[in-house]
1. Can you name the number of the only condition in (1) closer than 14 Å to ILE219 by Cα; (2) out of contact with any strand residue (DSSP E or B) (no Cβ under 8 Å at 6 or more places or on another chain); (3) not small (Gly, Ala, Ser) that GLN187 fails?
2. Out of ASN370, ASN409, I need the residue that is free of Cβ contacts under 8 Å to residues at least 12 places away in the same chain and either of a type in the set (D, E, K, R) or farther than 16 Å from ASP297 by Cα (or both). Which one?
3. Inspect all residues belonging to the stretch 70-90 and state whether any of them is of a type in the set (Phe, Trp, Tyr) and either farther than 27 Å from GLN168 by Cβ or modelled with pLDDT under 95 (or both).
4. Go through the stretch 102-138 and count every residue that is assigned to a helix (DSSP H, G or I) and surrounded by 21 or more Cβ atoms within 10 Å (Cβ to Cβ).
5. Need the failing condition index for CYS173 against (1) outside any loop (DSSP other than H, G, I, E, B); (2) closer than 30 Å to SER78 by Cβ, just the number.
6. Name the residues in the stretch 375-412 that are among the aliphatic types (A, V, I, L, M), within 25 Å of ASN290 (Cα to Cα) and assigned to a helix (DSSP H, G or I), would you?
7. Identify all residues within the stretch 187-228 that are in contact (Cβ under 8 Å) with a residue 40 or more places away in the chain, under 27 Å from GLY152 (Cβ atoms) and in a loop (DSSP other than H, G, I, E, B); write none if there are none.
Amino acid sequence: MTAHQMTGQMKVMKMAKIKKAVFKFKPFSKKQRKLLNWWCPNSPVKDKDGIIADGAIRSGKTIAMSLSFVIWAMFSFSGQNFGMCGKTIGSFRRNVLFWLKLMLKARGYKVEDHRADNLVIIRRKGIENYFYIFGGKDERSQDLIQGITLAGLFCDEVVLMPQSFVDQAVARCSVKGSKWWFNCNPQGPFHWFKVNWIDRVVDHLSPKQIEEFKSKNEIIRNVLYLHFTMDDNLSLSEEIKKRYASGFKGVFYDRYIRGKWAVAEGIIYDMFDAAKHIIDKFAKLIDNKNYKYVSCDYGTQNAMVFLLWEKGTDDIWYCTKEYYYSGRDERKQKTDSQYADDLVKFLDGKKVRQIIVDPSAASFITELTNRGFKVMKAKNDVVDGIRLVGNALTLGIIKFYSRCEMAANEFATYAWDPKAAEHGEDKPIKQNDHVMDAVRYFVATVLSSRKLNTNLKGGI
């Protein structure tokens, strides 16, 4: 046998050992069965225009809803178009479609995924329907769904989509018998979806409220509303439930664990404890550039921040050094070249794997790249990043050297904007936030793929 043949045989043997993912059905809870069967001909709520399922993470909403949506579509229609939406097409494919295809194939459906067109064709017993995938990440997304006629709509994590996109998608459901399907983890109590949909569900309104809505010619939603907790997912052990619960505190605990539409108010990182997170001594640092990063929040008039992150042998990431320069406070701006010089001095000969930089800092990224630094644009979803930082603090996997004084100061003052909360938005007050942004860039960009469970919203 030649070396080439041997290599080929080894590849075949290796591939043979790889097990394909197979979905094994677990017992459905009472709440999940209601979600699965609400549309059936013998159901007392079959005439509802749609369904909303909200509540805690990992409560089994998505798995039951996605399967129910497709079975309903295949039972009710043939040759029709349907919309399936996530915040992005990529997140929908990862969190929903991957598992949905496994479930459908296990039940005898033929699934044909045309990735280039974001179209999934599903067939069974002579019935064929077309499921288009859309991403609703911003106001421009509504343009993507215009013009199509839909027989049904499924929105996973609808609260992460702009109202304009959802309104446009709902309006596309003009086929007789069409229905809407929404699921989400809660946000603030003034979020547009809570106010315009959940608070208008007819079965949860008093006769007086119904009359008031009618007198003002306001919309009343004839939809089924189901609220889920982790106990509604029978596949979760008590140990797993406790593990998820231990990763959250404050508003994110209320929303993701308790399933409440809680307002974001007060200090953002109320789980931050100086006695726990600020240290004078740390474990031996791993002497390898692969375990060293710099995160950077860019500023000209506003502060420029560098944070040096080093991994300890105790598996904790330590912020060992900080740089903070405010052009406004010092009354003298620095150029990109001067900041790059400062970064070289800041590192003092240490080799780092990457510089994580604010993605809007195009000129500074160019300056660093030209100097031979490896630069990665930071993930900059603010609220999701805040959740991840809170998770990291709660788990105790990031800590700060006591000489990082600005970090300690900002943790104590970084707060939610009460005016934004009144309009259903989660936004920090844009003050004392430059180090906080740099912390968030590191956690969301580096740790999210290493240590943190980032697949908490949506999914199965």
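The values are calculated or read from the model by the stated rules, or taken from the named source; none is laboratory data. Note that the structure is predicted; figures quoted are calculated from it, not measured. When we count neighbours, we look across all protein chains shown, and the Cβ atoms used for this are built from the backbone with ideal geometry, even at glycine.
1. It is condition (1) that GLN187 fails.
2. Answer to the check: ASN370.
3. Step one: filter the stretch 70-90 for residues of a type in the set (Phe, Trp, Tyr), giving 72, 75, 77, 82.
Checking which are either farther than 27 Å from GLN168 by Cβ or modelled with pLDDT under 95 (or both) leaves us with none.
No: the stretch 70-90 contains no residue that is of a type in the set (Phe, Trp, Tyr) and either farther than 27 Å from GLN168 by Cβ or modelled with pLDDT under 95 (or both).
4. 1
5. Exception for CYS173: condition (1).
6. Matches in the stretch 375-412: ILE386, LEU388, VAL389, ALA392, LEU393, LEU395, ALA407.
7. The answer is GLN187, HIS191, TRP197, ASN222.
Residue-by-condition table, conditions (1) in contact with an Asp or Glu (Cβ under 7 Å, 6 or more places away or on another chain); (2) touching a residue at least 40 places away in the same chain (Cβ under 8 Å); (3) not hydrophobic (A, V, I, L, M, F, W, C):
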residue	(1), (2), (3)
SER78	yes, yes, yes
MET84	no, yes, no
GLY90	no, yes, yes
LEU97	no, no, no
LEU102	no, yes, no
ALA106	no, yes, no
VAL111	no, no, no
ASP117	no, no, yes
ARG123	no, no, yes
